[in-house]
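First comes the structure, then the notes that go with it.
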Amino acid sequence: MDWSEPHAARRVLARNVRRLREAKRLSQEKLAEMAELRQAHVSEIESGLTNLTLDNLQALAMALGVRPMELLNERPNNDALKGRGRKR
C-alpha cells in the first residue's frame, strides 16, 4: 500500500477491523458493545468513512484482543486474524 495515498490508513484499519471481527465471529453490534461504541460507528470504521480517535482505536483493539498497532499493520499477525491474538 502506498501510505501517501489519501485515507490509506483508514483502508488498512477498515480491512483489519473487519477481518478480526469476522474471525472472532462477532457482529458489528457485539463489537460495538465490547468497545463501548455505537454500531453505526463500527460500520463507518469498517467502511473507511470516518477518522478514529486514539482512544477508540485502543478500545477496538482491546475488544478484538490485539495491540492497537495491529489494526494499522498492512500485514496483520496471522494468529490475530485466526482469533488467537494477544488477549488483554
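Just so you know, all these numbers are worked out from the coordinates, no wet-lab data involved. These figures come from a predicted structure and were not determined experimentally. No Cβ is skipped: glycine too gets one built from the backbone with ideal geometry, and neighbour counts run over all protein chains shown.
Could you list the residues of region 11-41 with an amide nitrogen less than 12 Å from a label point located 7 Å from the Cα of Met62 in the Cα-to-C-beta direction?
34-37
Normalised radius of gyration for the chain, please: alpha carbon Rg relative to 2.2 N^0.38 Å, two decimal places. Intermediate results must be reported in sequence, preceding the final value.
Values: Rg = 11.8 Å, N = 88, 2.2 N^0.38 = 12.1 Å.
Rounded to two decimals, the normalised Rg is 0.98.
What percent does the relative contact order of the chain come to when contacts are Cα pairs within less than 8 Å and at least six residues apart? Don't skip to the answer; put the middle values down first.
Values: 104 pairs, mean separation 28.9, N = 88.
Averaging sequence separation for qualifying contacts and normalising by length gives 33 percent for the chain.
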